[in-house]
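Novice: So that we are looking at the same thing, I have put the structure below in structure tokens.
The values are calculated or read from the model by the stated rules, or taken from the named source; none is laboratory data. Model, not experiment: these values are computed from the prediction. With ideal geometry, Cβ positions are generated from the backbone for all residues, glycine too; neighbour counts draw on all protein chains shown.
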Amino acid sequence: MSGASLPSYSAYPVVQAPMAGGGSNPRLVTAVGAAGGFGFLAAGYKTPEAMYEEIRQTRDQSNKPFGVNLFMPQPQATDPSAVAVYAEQLAGEAAWYGTALGDPDAGTDDAYEAKVAILLEDPVPMVSFTFGVPTPKVLEAFRKAGTYTVVTATTAAEALAAEWAGADAVCVQGMEAGGHQGTHRDDPLLDGAGSGLLALLPQVREAVRLPLIAAGGLMRGGQVAAVLAAGASAAQLGTAFLPCPESAAHPLHKQALTDPVYTRTELTRAFSGRPARTLVNRFVREHGRYAPPGYPQIHHLTAPLRKAAADGGDPQAMSLWAGQGHRLAREASAGRLVELLVEEMQAAREAVA
């Protein structure tokens, strides 16, 4: 990444976001790295063994640096009765798709400690964290292992918490971002109250001294240039990379990004129990207003429904994660997309020079 404040892991300040549950895979990470960007594997929802296998495959395919993203363990604060009521509401969906609902008590820590142990024993260049801040002890252990650490933040206060704990950098996530909002505390009273990236970035820049990676709705190189001018050292893009042939996203998900049927995105708890930005489909319209706070319990509950819908070719019950700029998605290889972003970024810089 360019910029004196971040390690020189890649030629360009373009980061391919970790996309848990689809998108990120060794093939995509390798292609992004080969083109001069920096790619992330997503360890969320995977077993420690599956995470390590993807790391091994990435190393076999490329000698370029890459990162791994971890989900922080979630507190046991979900109301079981609220989850049970939501399960009753979804009974008709389960019958329609011919599947049972998942077990909401399938686990809340995403095997965090086991994944940390693997990454400390066999380090990768960068590890990022979502849904909270690791302990100073964990961050120091990664530093001693030679791993650069990044914590996702959606407010200046969260960025300060990351700095105090000893993180090396902050990923500043605006509310335009597709997929889950990486808030450190899931407070229903704050649903929809987040800041847009260009409003949030200067606030975080003034609050902390750490390097910043900007994320949230970025689809074009001109936007990359804008966030770099606003104080970021790199730009992280997820939705932009979803349509790439190297992406592991479901074909229906890729098609939906530019399908005129989907006119808008929305932050919803319908699929996972945590606010996440998705294309608005039937499932969101019918169940979003009733979904209780309850991550990852609701995620486990709806997982079989989402899989059955995908297997049956029905995007109306799939979690179609997408940022607000999804209509700007381009069908290009990951390498060509990095090239386009860099060309557009340079043109934007020259236009204001």
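Novice: Filter segment 196-219 down to the residues that are β-branched (V, I, T) and part of a loop (DSSP other than H, G, I, E, B) and list them by number.
Specialist: Across segment 196-219, the qualifying residue is only V208.
Novice: Counting just the residues of segment 55-76 that are touching an Asp or Glu at 6+ places or on another chain (Cβ under 9 Å) and touching a residue at least 60 places away in the same chain (Cβ under 8 Å), which one comes out nearest to P134 (Cα to Cα)?
Specialist: Looking at residues that are touching an Asp or Glu at 6+ places or on another chain (Cβ under 9 Å) and touching a residue at least 60 places away in the same chain (Cβ under 8 Å), I get M72.
Novice: With respect to the numbered conditions (1) crowded, with 17+ Cβ neighbours inside 10 Å; (2) not hydroxyl-bearing (S, T, Y); (3) not in a loop (DSSP other than H, G, I, E, B), which one is the sole condition not fulfilled by G222?
Specialist: (1)
Novice: Could you pull out the residue among P104, P123 that is out of contact with any strand residue (DSSP E or B) (no Cβ under 8 Å at 6 or more places or on another chain), outside any helix (DSSP H, G or I), outside the structural domain of V284 (by TED's automatic domain parsing) and not β-branched (V, I, T)?
Specialist: P123
Novice: Which numbered condition in (1) surrounded by fewer than 17 Cβ atoms within 10 Å (Cβ to Cβ); (2) under 22 Å from A177 (Cβ atoms) is the only one that D110 fails?
Specialist: That leaves (1) as the condition not met.
Novice: Being at positive phi and not assigned by TED's automatic domain parsing to the domain that holds V342 narrows it down to one of G98, G23, so name that one.
Specialist: On the way: G23 fails: not assigned by TED's automatic domain parsing to the domain that holds V342.
So the residue among G98, G23 that is at positive phi and not assigned by TED's automatic domain parsing to the domain that holds V342 is G98.
Novice: Let me ask you something else. Out of curiosity, is V284 modelled with pLDDT of 95 or more, in contact with a strand residue (DSSP E or B) (Cβ under 6 Å, 6 or more places away or on another chain) and part of a helix (DSSP H, G or I)?
Specialist: For V284, the condition - modelled with pLDDT of 95 or more, in contact with a strand residue (DSSP E or B) (Cβ under 6 Å, 6 or more places away or on another chain) and part of a helix (DSSP H, G or I) - is met.
Novice: Would you please name the residue that is surrounded by the most Cβ atoms within 10 Å (Cβ to Cβ), looking only at residues in segment 135-154 that are within 21 Å of R205 (Cα to Cα) and out of contact with any helix residue (DSSP H, G or I) (no Cβ under 6 Å at 6 or more places or on another chain)? Steps first, please.
Specialist: Taking segment 135-154 and keeping what is within 21 Å of R205 (Cα to Cα), we get 148-154.
Next cut, out of contact with any helix residue (DSSP H, G or I) (no Cβ under 6 Å at 6 or more places or on another chain) only: 148, 150, 152, 154.
Working: Y148: 21, V150: 26, T152: 30, T154: 25.
Checking each candidate, the answer is T152.
Novice: Taking segment 5-20 as the region of interest, how many residues are touching a Gly at 6+ places or on another chain (Cβ under 7 Å) and in a loop (DSSP other than H, G, I, E, B)?
Specialist: Of the residues in that region, 7 qualify.
Novice: Return the total of residues in segment 126-145 being assigned to a helix (DSSP H, G or I) and either within 22 Å of the chain's Cα centre (by Cα) or under 22 Å from Y52 (Cα atoms) (or both). Full working, then the answer.
Specialist: Taking segment 126-145 first, the residues assigned to a helix (DSSP H, G or I) are 136-145.
If we keep only those that are either within 22 Å of the chain's Cα centre (by Cα) or under 22 Å from Y52 (Cα atoms) (or both) too, we end up with 138-145.
Result for segment 126-145: 8.
Novice: Being outside any loop (DSSP other than H, G, I, E, B) and out of contact with any Lys or Arg (no Cβ under 9 Å at 6 or more places or on another chain) is the filter here; which residues of segment 160-190 pass it?
Specialist: L160, A161, A162, W164, A165, A169, V170, C171, Q173, L189, L190
Novice: Return the residues of segment 251-262 that are in a loop (DSSP other than H, G, I, E, B), touching a residue at least 24 places away in the same chain (Cβ under 8 Å) and surrounded by fewer than 23 Cβ atoms within 10 Å (Cβ to Cβ); say none if nothing qualifies. Give the steps one after another, and end with the answer.
Specialist: Taking segment 251-262 and keeping what is in a loop (DSSP other than H, G, I, E, B), we get 257-262.
Now narrow it down to the ones that are touching a residue at least 24 places away in the same chain (Cβ under 8 Å): 257-258, 262.
Within segment 251-262, T258, Y262 qualify.
Novice: Right, here's the next one. Would you pick out the residues in segment 322-347 that are at pLDDT 95 or above, surrounded by fewer than 19 Cβ atoms within 10 Å (Cβ to Cβ) and out of contact with any Leu (no Cβ under 7 Å at 6 or more places or on another chain)?
Specialist: R327, L328, S333, G335, R336, E339, L340, E343, E344, Q346, A347 - these are the residues of segment 322-347 that are at pLDDT 95 or above, surrounded by fewer than 19 Cβ atoms within 10 Å (Cβ to Cβ) and out of contact with any Leu (no Cβ under 7 Å at 6 or more places or on another chain).
Novice: Of all residues in segment 15-54, count the ones that are out of contact with any helix residue (DSSP H, G or I) (no Cβ under 8 Å at 6 or more places or on another chain), β-branched (V, I, T) and over 18 Å from G178 (Cβ atoms).
Specialist: Of the residues in that region, 1 qualify.
Novice: Consider only pairs whose beta carbons are under 8 Å apart and that are at least six residues apart or on different chains; among these, list those whose first residue lies in segment 298-321 and is buried (at least 22 other Cβ atoms within 10 Å of the Cβ) and whose second residue is small (G, A, S) and at pLDDT below 95.
Specialist: Close Cβ pairs satisfying both conditions: H300/A106; H300/G107; S319/G21; W321/G21; W321/G22.
Novice: If only one of A193, A235 is at negative phi and in a loop (DSSP other than H, G, I, E, B), which one is it?
Specialist: Testing whether each residue is at negative phi and in a loop (DSSP other than H, G, I, E, B) leaves just A193.
Novice: Which of the residues that make up segment 54-78 are out of contact with any Phe, Trp or Tyr (no Cβ under 7 Å at 6 or more places or on another chain), under 15 Å from H300 (Cα atoms) and surrounded by 12 or more Cβ atoms within 10 Å (Cβ to Cβ)?
Specialist: Scanning segment 54-78 gives a single hit, T78.
Novice: Still on this structure, please answer the following. Considering only segment 277-291, state which residues are surrounded by fewer than 22 Cβ atoms within 10 Å (Cβ to Cβ) and in contact (Cβ under 8 Å) with a residue 60 or more places away in the chain.
Specialist: Within segment 277-291, H287, Y290 meet the criteria.
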